[in-house]
Amino acid sequence: MRKLVLAAVAASAAFVATPSLAQDATTTDTSVATAPDGTRAFGIEPYVAVRGGWEEFQSDSVPGAPRADKLNGSLVEGLAGVNIPLGPVFVGAEGNVAKGISGDIDWQYGAAGRFGFRAGDSGLIYGKVGYQWVNFDKRVDTSRDFHDVTYGIGFEVGPKDIGLGGITSNSGIRLRGEVSSFGWTNSFRPTLGIVAHF
């Protein structure tokens, strides 16, 4: 009889506990970590960009270059990359290809890592380090590409108030400005362009 009572108690306990366990299993946490701008704090955000700029090289930094003047030129550049937001900061990587449209630069290509802070509703302030290859026009030895580490700083801004959203789950168009250098200080390269985030 004692065994029968214990079995009945165990069965009723299991019967009462099962709905509460099922309810716990289906309950989801609706709180999601957010960044200062209210967007999700973590995720992956790919982007593409088009920008234009100017680059001037120190003539002694390019072997075989004419010494009478500095190598320089305007260029147009395409970029593709990805940002990984980490709360109020972010990291990312990007690749670029640039074509000289006037002056001494023929082609450029490279890759870089970015890191920085999220600013305001949809802005970024960042630093970058990468590696760049440069091919000059016929005034310079074009049998090889010149290459070196690149360094840069920049910003992105896109007002959330007019639908140009934040970094995660709010795709949009942003303005991007950057200043970079080929080698530590072997060139000066300001650029400005438009970035489309997805």
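The values are calculated or read from the model by the stated rules, or taken from the named source; none is laboratory data. This is a predicted model, so every value here is computed, not measured. When we count neighbours, we look across all protein chains shown, and the Cβ atoms used for this are built from the backbone with ideal geometry, even at glycine. SASA here: full protein model, heavy atoms, side chains in, ligands and nucleic acids out. Shrake-Rupley method; radii C 1.70, N 1.55, O 1.52, S 1.80 Å.
Quick notes on this one:
- Members of segment 80-95 that are of a type in the set (A, V, I, L, M, F, W, C) and in contact (Cβ under 8 Å) with a residue 60 or more places away in the chain: Phe90
- Residues located in segment 62-81, provided they are at pLDDT below 95, of a type in the set (A, V, I, L, M) and open to solvent by 40 Å² or more (accessible area, probe 1.4 Å): Ala68
- Condition met for Ala33 (open to solvent by less than 70 Å² (accessible area, probe 1.4 Å), at pLDDT 75 or above, on the phi < 0 side of the Ramachandran plot and not basic (Lys, Arg)): no
- Considering only residues in segment 137-155 that are modelled with pLDDT of 90 or more and open to solvent by less than 60 Å² (accessible area, probe 1.4 Å), the one that is farthest from the chain's Cα centre (by Cα) turns out to be Asp148.
- Residues that are modelled with pLDDT under 80 and of a type outside the set (S, T, N, Q) were ranked within segment 42-61; the one that is least open to solvent (accessible area, probe 1.4 Å) is Gly43.
- When restricted to residues that are among the polar types (S, T, N, Q) and assigned to a strand (DSSP E or B), segment 173-193 contains 4.
- Residues of segment 122-136 satisfying the condition of being open to solvent by 70 Å² or more (accessible area, probe 1.4 Å) and more than 13 Å from the chain's Cα centre (by Cα): Tyr131, Trp133
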